[in-house]
Structure formats: structure tokens, C-alpha cells
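The block underneath contains the structure these notes are about, expressed in C-alpha cells.
The values are calculated or read from the model by the stated rules, or taken from the named source; none is laboratory data. Note that this is a predicted model, so its numbers are computed, not measured. Cβ placement follows ideal geometry from the backbone for every residue including glycine, while neighbour counts extend to all protein chains displayed.
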Amino acid sequence: MKNTNRYDLSDRLIHFFREVDTESKDYVTFPENWGFDHLAEENIYNPFFLLRAAIRHNKIFATWSIRNNYRTIYGNRPAICFTEMPLAAFLETSYKREKLGQAISSYGLSFLKSELFKLGARPVIYGLSSNDLNVKNTKKNERIIDQSVLPMLEQYRYVTYNPSSTRKIDWTHEREWRYPYNESIVEFEKELEEFGIVSEVEDFPGLEILEQGISDIGVIVKTKSEAELILCDILAIFDRNNYSPFRFIFYTEQIEKIKSILEPSQEEKEIIKSTIDLSIYITPNKKRDDKIYKQFTSLVKEVENNYQKPEQGELGGCWLWIYDSLSDLARALINNERVELNKEGKYLCFPYEFSDSRSLSQREDMTKKLAEKIKNTFGVDCGYYSVLNSDNYNELPFYCSQDYDKYEDRLINKLKN
């Protein structure tokens with residue numbers, strides 16, 4: 001429409017992540033198990049951790065948005081919140097409010113408004129004509145507005161608004177949209193009530209961001225090094241699905257002044273500059289790939305030929321875990337179908353040149369030696385990953401390298417320098 005090309009409007013919606021203290025009264029329920037390469041060691045979940053969790057697990061959680069032990073989302077459906085603030089306004093307000101200690105950050109996911117609308121997202125309703133909502137609290141702690149005032153179907157959209165009261169209530173600056181979760185949450189609530197926690201991410205209500213119909217997602221972070229880590233996560237999605245809806249990674253270090261992206265055309269130019277070009281990683285280079293693959297197989301055979309005789313012992317699968325998915329080694333092995341991704345996005349290569357008659361502990365030791373040779377030859381960090389009594393790399397690992405987090409720390413420091 002000709003009247004929508006204004007600096008104060010946007011055709012995108014942003015879901016931002018805020019720091020969460022798991023011990024606070026406003027705590028949002030999170031999974032007990034985030035995955036073995038995405039561990040939270042403290043009670044504070046920072047926004048970047050939660051952003052990567054959403055990307056890696058293909059899910060934004062639908063919640064009740066608890067404040068002071070009260071649900072701020074009315075009705076019987078949890079929801080996901082978005083803001084339709086333009087990028088410049090979002091960055092400006094997030095910086096200011098973060099400094100004031102408010103619940104916001106500049107880490108987020110950006111979606112096309114039209115795509116989320118098709119999935120059911122709607123702008124919130126700030127206030128109603130009736131001041132008497134006759135709110136009732138159910139045994140499930142739901143806050144239900146009298147349906148003669150607002151139908152149940154629309155109650156997730158209601159936001160209290162009273163700018164003229166003694167204690168002013170005005171959240172219109174957030175320009176909020178919400179996506180309601182329409183599936184059953186009976187099993188989720190049952191597990192939460194029985195155990196006080198829900199174990200797996202897939203059991204949580206939410207929006208699956210690889211869902212059909214979502215084709216244009218942007219990621220907003222602060223630094224170039226964070227953008228590089230996000231790129232690894234997005235590449236893993238592509239390598240597993242041969243598809244990715246992520247269009248750009250925008251990091252705020254790349255712009256000198258927020259005001260420089262006030263106009264929609266300027267914002268789009270910055271987004272285009274931030275567009276992810278996966279082709280440099282996913283396009284096969286036969287000459288390079290063949291050379292690397294030949295070197296790699298020679299190293300595996302060298303470890304096998306120089307190792308002690310096979311011994312009996314525990315059975316199971318053991319894989320070479322390649323940490324750097326952007327490396328030429330990883331790309332060459334993927335293009336030669338020697339690498340597969342497990343459900344947690346680990347790049348695993350099964351060294352079938354090793355004798356099947358060897359025990360699991362022997363193959364673990366051999367894989368560690370292979371990792372050392374690969375580091376010396378290709379400069380790529382690797383580890384090992386094993387599963388006891390199974391060849392399924394999606395099962396619970398028996399042993400695995402403990403230095404993957406150190407690798408990510410080294411990668412961040414390398415990018416910063």
C-alpha cells in the first residue's frame with residue numbers, strides 16, 4: 001500500500017529474547033534438557049543463549065508471560081509475543097531499556113508480518129470499551145474475561161490499558177502482536193504438575209520456525225562473532241534439511257548510527273548487506289573436496305594400521321565429531337557423504353576404515369588420535385562421540401569430548417581479534 005512506506009512502520013515483526021532468572025518469581029518454565037552441546041550451567045539464561053536455543057531446537061516457546069506471579073495473557077491459550085517496531089526503533093528502545101534494567105534485549109528473530117498473520121498472529125487489543133471485565137481465575141490459574149465482554153477466541157490478545165488512572169498503565173509503545181498456541185497443552189500441564197518440570201524441548205507448546213509458510217527469518221545479534229556462531233547453527237539446519245528459512249543475520253556492530261536506518265529503504269539496504277550467502281559453503285568444489293577426502297581417508301587408515309591389535313570389549317558406535325562446520329574439511333566430507341548430523345546438530349563422521357572387531361574403548365582412543373592428526377593436517381578442531389551398545393548417534397552418548405565449549409570460546413576470541 002502506498003501509505004505504508006513510512007519510517008514509523010514496518011512489514012516485519014520481531015520476537016526478542018530477554019534475560020531469565022530461573023529462580024525469580026517471574027520465571028518462565030524451560031526444559032530440563034537443552035542438549036549436550038547447549039548446557040546452561042547457571043540459573044541465569046542470557047538472551048543469546050535463548051536465541052540460539054530457539055534456532056537449534058526449531059521452536060519459540062508459547063508462554064503466559066508471568067509478571068509478579070500473575071499471567072498477563074488472558075484466556076486459555078499461551079502465546080508468543082512480537083513487536084512491530086521498525087528495526088531502528090527496536091534497537092534504540094532496547095538499548096535504553098536494557099540500561100534501565102528492564103526486561104528486554106536487542107537479540108531477536110525477525111519475521112515477515114504477512115507470514116505470521118497467515119499462521120494466526122494478530123495485533124493485541126489495548127483496552128476495551130467496558131471497564132468491567134469480570135475476570136475469573138480458574139483452578140489452572142487462567143485469567144478468564146467474561147465472554148460477553150470478549151470472546152474466548154480473542155482473549156489472548158487483550159492488554160490492559162488505562163493512561164488516565166492514578167497508576168498509569170500504558171504498554172502501547174511495545175506495538176505488540178501475539179501468536180496463540182492452538183494445540184492441546186493437557187500433556188504439557190500434566191507433566192509440569194506431576195514432576196514440576198518438563199524434560200524435553202519438543203514437549204513444550206510453541207511456534208516451530210521451520211513450519212511450512214515461514215520463508216523469511218532474520219536474526220538480530222550484537223557482534224560479528226555472535227553472527228558467526230549463528231551462521232554455524234543455520235548451516236546445520238540447511239545440512240540436515242537441505243533448506244533454511246533464514247535470510248539474514250544482522251549484527252548491530254555493523255551500523256555506525258541507528259538513525260542511519262530510519263527509512264525503510266535504508267533498513268532494507270542494511271538487511272541486504274547482512275544476507276546470508278550459504279552458497280560458499282554448500283556448493284561442492286570437486287577438486288578441493290577430492291583432495292581433502294583422499295588426505296582424510298589416508299589419515300584414518302594410518303591410525304588403523306599403526307594401532308595395536310584388536311581387543312574384545314564393550315560394543316557401540318564411535319564417531320569423529322567435527323566442531324567447525326564451516327571448514328573445508330567438513331564441507332568436503334559432507335559432499336562425499338561421510339558426515340551426518342544427529343538431532344543436536346553435531347557433525348559426525350563414522351571412521352569405517354577402523355576394524356569392526358575392535359572394542360568401543362579402542363575406537364574411542366583411535367578417534368582421539370585421528371582428531372590430533374586432523375588438527376595437525378587441516379587445522380580443524382575435532383573430538384569423539386560414542387554410544388554404548390548402539391550404532392544410533394541420536395541415543396544418549398556414552399562418552400564424548402568435553403572441549404566443545406572451549407572450541408566455541410576460542411572461535412569467539414579469534415573472531416574478535
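Worth pointing out:
- Scanning region 253-265 turns up no residue that is under 22 Å from TRP34 (Cα atoms) and of a type in the set (Gly, Ala, Ser).
- Criterion (in contact (Cβ under 8 Å) with a residue 40 or more places away in the chain and either surrounded by fewer than 21 Cβ atoms within 10 Å (Cβ to Cβ) or assigned to a strand (DSSP E or B) (or both)) met by exactly one of ASN376, ASN392: ASN392
- Among residues that are farther than 21 Å from GLU19 by Cβ, surrounded by 15 or more Cβ atoms within 10 Å (Cβ to Cβ) and of a type in the set (Val, Ile, Thr), VAL124 is included.
- Check on ASN131, surrounded by 11 or more Cβ atoms within 10 Å (Cβ to Cβ) and either free of Cβ contacts under 8 Å to residues at least 60 places away in the same chain or among the aliphatic types (A, V, I, L, M) (or both): no
- Options ALA53, ALA79: the member that is touching a Phe, Trp or Tyr at 6+ places or on another chain (Cβ under 7 Å), buried (at least 17 other Cβ atoms within 10 Å of the Cβ), modelled with pLDDT of 95 or more and not polar (S, T, N, Q): ALA79
- Selection within region 177-197 - in contact with a strand residue (DSSP E or B) (Cβ under 9 Å, 6 or more places away or on another chain) and either among the hydroxyl-bearing types (Ser, Thr, Tyr) or closer than 15 Å to TRP64 by Cβ (or both): ARG178, TYR179, PRO180, TYR181
Rundown of residues vs (1) buried (at least 19 other Cβ atoms within 10 Å of the Cβ); (2) more than 30 Å from THR29 (Cβ to Cβ); (3) at pLDDT 95 or above, yes/no style:
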{"position": "PRO180", "(1), (2), (3)": "yes, no, yes"}
{"position": "VAL186", "(1), (2), (3)": "no, no, no"}
{"position": "GLY196", "(1), (2), (3)": "no, no, no"}
{"position": "VAL201", "(1), (2), (3)": "yes, no, no"}
{"position": "ILE217", "(1), (2), (3)": "yes, no, yes"}
{"position": "THR223", "(1), (2), (3)": "no, no, no"}
{"position": "GLU228", "(1), (2), (3)": "no, yes, no"}
{"position": "ALA236", "(1), (2), (3)": "yes, no, no"}
{"position": "GLU253", "(1), (2), (3)": "no, yes, no"}
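- Residue in region 188-202 that is touching a helix residue (DSSP H, G or I) at 6+ places or on another chain (Cβ under 8 Å), in a loop (DSSP other than H, G, I, E, B) and farther than 30 Å from LYS140 by Cα present: no
- Only one of the numbered conditions (1) in a helix (DSSP H, G or I); (2) over 30 Å from GLU200 (Cα atoms); (3) in contact with a helix residue (DSSP H, G or I) (Cβ under 8 Å, 6 or more places away or on another chain); (4) modelled with pLDDT of 95 or more is not met by ARG358, and that is (1).
- Scope region 96-115; condition hydrophobic (A, V, I, L, M, F, W, C) and more than 15 Å from PRO86 (Cα to Cα); matching residues: LEU100, ALA103, ILE104
- Against the test of being touching a Leu at 6+ places or on another chain (Cβ under 6 Å) and either modelled with pLDDT of 95 or more or polar (S, T, N, Q) (or both), the options SER94, SER106 yield a single qualifying residue, SER106.
- Within region 55-95, the residues that satisfy the criterion of being assigned to a loop (DSSP other than H, G, I, E, B) and of a type in the set (Ser, Thr, Tyr) are SER65, THR72, TYR74.
- Unique residue being in contact with a Lys or Arg (Cβ under 9 Å, 6 or more places away or on another chain) and part of a loop (DSSP other than H, G, I, E, B) when the list is SER130, SER148, SER105, SER110: SER105
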